[in-house]
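Structure record follows, encoded as structure tokens.
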Amino acid sequence: MRERLGGQPRFVDEASLDLRVDFGSMIEDAAEQRARKSVQILAEIAAVSEAGAPLEETFDAICAILVPRLADFCMIDVIDESRVPRRAAVRVAAGGKPEFERGLTERMPSTPPRMVAGDSSSLEPRFYERVSDDDVRGLAHDEEDFEFLRGLGMRSAITVALQARGEVTGALTIAVAWSGRRYRREDARFAWIFSGRVALALDNAGLFAGLERAERARSKIAETLQRGLLPPPLPHIPGWTVAAMYRPAGAENEVGGDFYDLFRVPGGWMLAIGDVTGRGAHAASVTAVARYTLRTAAVLTDDPLVALQTLNRALLARGDSALCSLAAMTLSEDPGEPVRLAVAGHPPPLLVDGEQVSEVAGAEPVLGAFPDAEWTLSRTAVEPGQQLVVVTDGITEAEGPDGRFGELRLRAHLSGASNPALAVQRLEGSLHAFTEGRFDDDMAMLAIARSARDSSSSADLLVGESLRAGAGSEMIG
């Protein structure tokens, strides 16, 4: 075969061309394998985050994902409110000496000072592409520590900050040694990417100092109030399937903002979902008034309008501008009867019928604002295969890199959901991805549908993060 080079023809062996093509294919295959491996690692870390397992299990699961696929050993360090790093987890791959794991566990972390301080450069990974004795000496605390670290035989190492809620609250270190591997720049970039997933997983496990500090700062009164206002377990409602989601914005706000409640009324059940203005103690007190006023009214009537009117009077009597948006629905003991509902300043309930999603009521005046306000009682039939979904505005107003979640995204993610549990799972997962796990407002959701069968037994099915932390999803039917 003839090839022209610099204007002059020259002959090229076709076998050498085949070799170049084969070599190029090998490079492409290797890149594809690395990409698949990276995606798999990210997916597994995300699964750990969503599992909401206890802290020790979360540590073990994360380390097991990284070692030995990405590292010969890894370490996770926690930075508490006094900005002192503490070693929380270590994992060493096969091939390392028995004393390696013990030594790494017992030694004081060599967390970069900028990560401990949490300054503007703290998120930049610390990367040693080729670890030298000088690098090891810079990590060591004394001569004995230097000899131990040098004995590990590190070839490359990466340390990344773990940031949760805008604060650096930990660090993760991966290193390669006896496997003969070496990290490159792209490995450091990937470590920076998965550090966000790891931070989220540990945050969901209740690890970080901000959560611990907030928990210790609460008074006994606030703790008691919190336990009393978290959503109750979903009851068994004959003829109906119900799923719910409740996610507070953060540890300091577990008792404020959004709420939902389900309780017996004469001839059926009442479901209420609402949102009070403000946060903290004031919001918690208004939530308490709302829930218990609704339950008191329910002793006398199953009329959602009466429930709204009673709560409106109670809020106005407070005299402190206590506002509450609310959607109240009554389910008859006969599933064939239409759902009766009334809406006060709340996002309208949505009827999901296959791919179609439509409003079934309008939003009328908010509660606590006007003494002469009036509301309309609506009726809507929920046929088999349909479901009624109500959300608080914390969902539609959730902020992500692409702006607000919005009504269109809400409807798109509900469209085609075949049952309440799937609707809740789908929306919760979409919100988590859209906001990258950062929630600035409380969120709540109720979904109801006629049961395919009437079961006399009740069972709670967890379909989201653990409710023991005051956040997650639940279904019963």
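For Ala297, what charge total do you get from the other residues with a beta carbon under 14 Å from its beta carbon, if Lys and Arg give +1 and Asp and Glu give -1?
Around Ala297, the charge tally is +1.
May I ask you to evaluate 6.51 cos²θ - 1.76 cosθ + 1.60, the Karplus curve with θ = phi - 60°, for each residue of the range 411-426 and list the ³J(HN,Hα) values in order in whole Hz, giving x for glycine and proline?
5, 5, 7, 7, 4, x, 5, 8, 7, x, 4, 5, 4, 5, 4, 5
Lys and Arg at +1, Asp and Glu at -1: add these up for the other residues within a Cβ distance under 11 Å of Glu436 and post the number.
Here the charged neighbours net out to 0.
About the Cα centre of the range 65-121, how large is the charge dipole given +1 on each Lys and Arg Cβ and -1 on each Asp and Glu Cβ? Please answer in debye to the nearest 20.
With only Lys, Arg, Asp and Glu charged at Cβ, the dipole is about 120 debye.
Which one of Gln163, Thr111, Ser179 has its Cα pushed farthest toward the positive end of the charge dipole of the range 29-212, where Lys and Arg give +1 and Asp and Glu give -1 at the Cβ?
Ser179
Given +1 on the Cβ of Lys and Arg, -1 on the Cβ of Asp and Glu, and no further charges, what dipole in debye does the range 287-371 carry about its Cα centre, rounded to the nearest 20?
Charge dipole, the range 287-371, about its Cα centre: 580 debye, nearest 20.
Since every read-out is calculated from the coordinates, none of them should be taken as a lab result. All values reported here derive from a predicted model rather than from experimental measurement. Every residue, glycine as well, gets a Cβ built from its backbone with ideal geometry; the counts of neighbours run over all protein chains shown.
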